Amino acid sequence: MGEFSTDAQRKRSVIKEIMDAIMSGSSGSIARHLAPGAIFSNKSNAGIIDAPWFSRMEGEYRLQGEEEAKSFLNELLRRATYISYKPRGTLIEDDEAASRCDWTRQDESNGSLVTGTTMYWFGFTSDGRIRSIESIASIHSVIPARRSDAA
């Protein structure tokens with residue numbers, strides 16, 4: 001029982017570190033948690049017409065080694081600036097985990113505020129490194145910035 005809880009606690013700690021890095025925009029050393037060949041998959045409900053600002057890097061990326069993982073994460077984080085975020089729980093079962101995060105971010109091009117939720121699914125290798133991260137973001141609302149030039 002002790003080994004199981006330690007393993008689950010370690011996975012929970014890794015997930016928290018990755019979620020905090022993604023939401024804070026600071027990758028730190030999270031690339032070390034990714035197994036060689038790890039797959040990162042991003043999707044969202046924002047259509048092209050809704051939010052070109054999102055620069056979503058949607059699709060599936062296979063990251064070969066720590067340097068490529070660092071490069072990918074730095075580009076992902078450069079494109080995402082969150083004003084606030086709140087983790088809404090993490091579930092861990094064997095080598096799979098899921099987490100949810102609510103967030104608010106600002107569109108740098110027009111100042112509108114965007115709120116949403118992202119679901120994350122993590123797959124772990126037998127030695128506890130991450131073999132896959134899948135995320136699906138759902139935008140709830142877009143609040144246009146007030147225009148000072150509007151009469």
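Summary table
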read-out	value
Relative contact order of region 71-151, defined on C-alpha pairs under 8 angstrom at six or more residues apart (%)	22
Dimensionless Rg/Rh of region 56-98 - Kirkwood Rh, Rg from C-alpha atoms	1.05
Accessible area per residue, Å², region 71-142 with all protein chains present, probe 1.4 Å	51
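The values are calculated or read from the model by the stated rules, or taken from the named source; none is laboratory data. Keep in mind it's a predicted model, so treat the numbers as computed, not measured. Side chains are part of the model used for accessible areas, which takes the heavy atoms of the whole protein and leaves out ligands, DNA and RNA. Shrake-Rupley method; radii C 1.70, N 1.55, O 1.52, S 1.80 Å.
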